Amino acid sequence: MNDESHSNIMNPDDTAELRQLYADFEAEHLMPLWTQIDDIMPVVPKPKALPHIWKWSRLFPLAERSGALVPVGRGGERRAIGLANPGLGGKAYITPTLWAAIQYLGPRETAPEHRHAQNAFRFVVEGEGVWTVVNGDPVRMSRGDLLLTPGWHFHGHHNDTDHPMAWIDGLDIPFSYQNDVGFFEFGADRVTDYATPRFSRGERLWGHPGLRPLSELKDTVSSPLAAYRWEHTDRALTEQLLLEDEGQPATIEPGHAAIRYVNPTTGGDVMPTIRCEFHRLRAGTVTPSRREVGSSVFQIFEGAGSIMLNQVETRLETGDLFVVPSWTTWSLKSETQFDLFRFSDAPVIERLGFARSQIEGAAR
């Protein structure tokens, strides 16, 4: 890739006539390309978002304190604490397209129902006892589960235990805000169903590998499966590494198993703007350095290792989150078996034709 810079010959001598021309441009709300091309057409992506790491050991106590001081309910809607990328000017955005937060629900609390155009998911790194009710369907939330709330689905949460629970939320809020596509509507002040079934109705209909109900042959934009259970994710990753032991081509790299959560009606991403994956590294695995167009967020589900972000290495433990902005060089190294949940804006980047990546040592 050509990363060379060139001098700008369209930079004439400063004269009274030139200053007047630029003043007249400004008066007519005009901006000449030749004065800003380096900003709007860089040779390679130059993200304002910065690589950053949030330590779960610091996040969770802050969430606990908010639980003691801030009631959950109508108006604020959720006790959710957004992760603000330090490069994005104080906005509660983790990347220019993605939003991430830690949400905390205390014992016997209920977060009221609402719906919004933005797509959302929840991933549970620890705990159980909360049900999220999505369009009237109660969905159990447990450790390692991915729960979906596609755009314009009513949803609320209730904690059925005497213990608090926290999880991470991911949404496409920055993308929808920038493109003026957001709508919001209040629902019931409570949740429409306080039942606590082990499996939601959506799982009972859709949660059977390779099988599709004949009553539901219409493809859907987002997945109709509200919960992707940890036991299935864990088994899929375990089997990939066992196949690798047998000499079969099952992993994406040596010692690196990975799955993508998919919409069972299309085989595509679970939601139109967000991709969700899970990665497992054997102890002692080091992934090649890579960079990609588009941004990603990871949370450590289990194990210990480190992330190299633009040649800066940081050790990671269970619950820690980190962000990889567009075209940032990164690689992973595992000390133990290392399990990581990942979400990204890849569906948007790919659909618009902007996808590009570089992997160290890969043929170009």
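In debye, nearest 20: dipole of the chain around its Cα centre with unit charges on the Cβ of K, R (+) and D, E (-)? Mind dumping the intermediate values first?
Working: 35 positive and 48 negative charges, 179 e Å.
Using only the charged Cβ atoms, the result is roughly 860 debye.
Could you pull out the GluC sites (Glu not before Pro) across segment 142-224 that fall in loop regions by DSSP (anything but H, G, I, E, B) with no more than 14 other Cβ atoms inside 10 Å? Don't skip to the end; give the middle numbers.
Values: sites: E185, E203, E216; in loops: E216.
Answer in residue order: E216.
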Would you kindly derive the ³J(HN,Hα) couplings of segment 148-163 from the backbone phi angles with the Karplus curve 6.51 cos²θ - 1.76 cosθ + 1.60 (θ = phi - 60°), listing them in order in whole Hz, with x for Gly and Pro? 10, 10, x, x, 6, 9, 4, 7, x, 10, 9, 9, 9, 10, 9, 10
Leaving out ligands, DNA and RNA but keeping every protein chain, what accessible area does E335 have, in Å² rounded to the nearest 10, with a 1.4 Å probe? 100
For K46, counting only lysines whose alpha-carbon sits under 26 Å away and dropping same-chain residues fewer than eight positions off, the answer is K55, K91, K333
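Arrange the residues F278, F25 by how much accessible surface each exposes, largest first, with a 1.4 angstrom probe.
Working: F278 0, F25 45 Å².
Of F278, F25, the descending order of accessible area is F25, F278.
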For A111, net neighbour charge (Lys/Arg +1, Asp/Glu -1) across residues whose Cβ lies under 10 Å away: +1
If Lys and Arg each add +1 and Asp and Glu each add -1, what is the summed charge of the other residues whose beta carbon sits under 14 Å from the beta carbon of I102? +2
Starting from the residue with the highest accessible area, list V262, V72, V221, V139 in decreasing order, probe 1.4 Å. V221, V262, V72, V139
Short to long, in 20 Å steps from zero, the percent of alpha-carbon pairs of the chain per bin is 26, 54, 17, 3
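Just to confirm a number: summing +1 for Lys and Arg and -1 for Asp and Glu over residues other than T220 whose beta-carbon lies under 13 angstrom from that of T220, what do you get?
Details: positive: R212, K218; negative: E216, D219, D269.
Result for the local shell: -1.
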Once amide H atoms are built 1.01 Å from N in the peptide plane, which residues 5 or more positions from H153, or in another chain, come under 5 Å H to H? H116
Ignoring ligands and nucleic acids, M31 exposes an accessible area, probe 1.4 Å, in Å² to the nearest 10, of 140
Given H placed 1.01 Å from N in the peptide plane, which residues other than close sequence neighbours of T285 have an amide H under 5 Å from its amide H? S334
Per-residue HN-Hα couplings for segment 193-198 [Karplus 6.51, -1.76, 1.60; θ = phi - 60°; Hz; x = Gly/Pro]: 8, 8, 5, 10, x, 5
Could you compute how much accessible surface D39 exposes when probed at 1.4 Å, giving the result in Å² to the nearest 10? 130
Applying the Karplus parametrisation 6.51 cos²θ - 1.76 cosθ + 1.60 with θ = phi - 60° to the phi angles of segment 227-233, what ³J(HN,Hα) value in whole Hz is obtained for each residue in order, glycine and proline being reported as x? 9, 10, 7, 4, 4, 6, 4
In the chain, carbon and sulfur make up what percent of the accessible area (probe 1.4 Å)? 55
How do H163, H52, H114 stack up against each other in accessible area, from largest to smallest, with a 1.4 angstrom probe? H163, H52, H114
Rounded, prolate or oblate: which fits segment 84-192 when a ≥ b ≥ c are the square roots of the eigenvalues of the alpha-carbon gyration tensor, with rounded for a/c under 1.5 and prolate only if a/b beats b/c? oblate
Picking from A188, A100, A84, which is most flexible by a Gaussian network model of the chain using Cα springs under 10 Å? A188
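The values are calculated or read from the model by the stated rules, or taken from the named source; none is laboratory data. The shown structure was predicted, so the numbers you read here are calculated from the model rather than taken from an experiment. Heads up, the Cβs are rebuilt from the backbone with ideal geometry, glycines too, and the neighbour counts pull from every protein chain shown. Just so you know, the surface numbers come from the protein's heavy atoms only, side chains and all, with ligands and any DNA or RNA stripped out. Shrake-Rupley method; radii C 1.70, N 1.55, O 1.52, S 1.80 Å.
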